[in-house]
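Quick notes on the structure that follows.
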């Protein structure tokens, strides 16, 4: 994890490498899974070479739809490059609000875009990390006060 250096521009502000390190550590801590060195290297390269800006809701929806088409392929590539199996739910996840099943036993964990989908994060194996819904993912990585929210903030389009 040493020396994750880069800039993410949000509203033209450079985010220091400490925030990125905190974000990576937060992902690892919340999910209990480390990002392998080869994945961190690819992330650093992307963050150094591209300016990520918050997309409009319509652009984000299109980007998400593109991901949905390649998600299984990307997860397979993640498994091949990391030498790990993508984790699956060992029980149904029930919505507290509706009482309905929102993730079924045997479903794959959510594929979290490390460089977030709303910022045009690539649909590539090195930009994915398994995250269990909701605690690790929406309420965790994307939760209030998380490093992700510090790193990926930006003006509304």
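Assorted remarks:
- You can think of it this way: the chain between residue 76 and residue 17 has 18.3 nm of extra reach, that is 0.36 nm per residue less the Cα-Cα gap.
- Rounded to the nearest 0.05, the FRET efficiency derived from the C-beta distance between residue 94 and residue 65 at R0 = 30 Å is 0.65.
- Which of 19, 118 has the fewest Cβ neighbours within 10 Å, and the rest in rising order: 19, 118
- In terms of packing, defined here as the mean over residues of other Cβ atoms within 10 angstrom, the peptides 25-31, 82-88, 124-130 line up highest first as 124-130, 25-31, 82-88.
- Per-residue Cβ neighbour rank within 10 angstrom, fewest leading, 75, 102, 58: 58, 102, 75
- As a proxy for reagent exposure, ranking 119, 67 by other Cβ atoms within 10 Å from fewest up yields 67, 119.
Laboratory data are not the source of any read-out in this text; all were calculated from the coordinates shown. Because the structure is a prediction, the values reported are computed rather than measured. For neighbour counting, all protein chains shown are included, and Cβ atoms are generated from backbone atoms with ideal geometry for every residue, glycine included.
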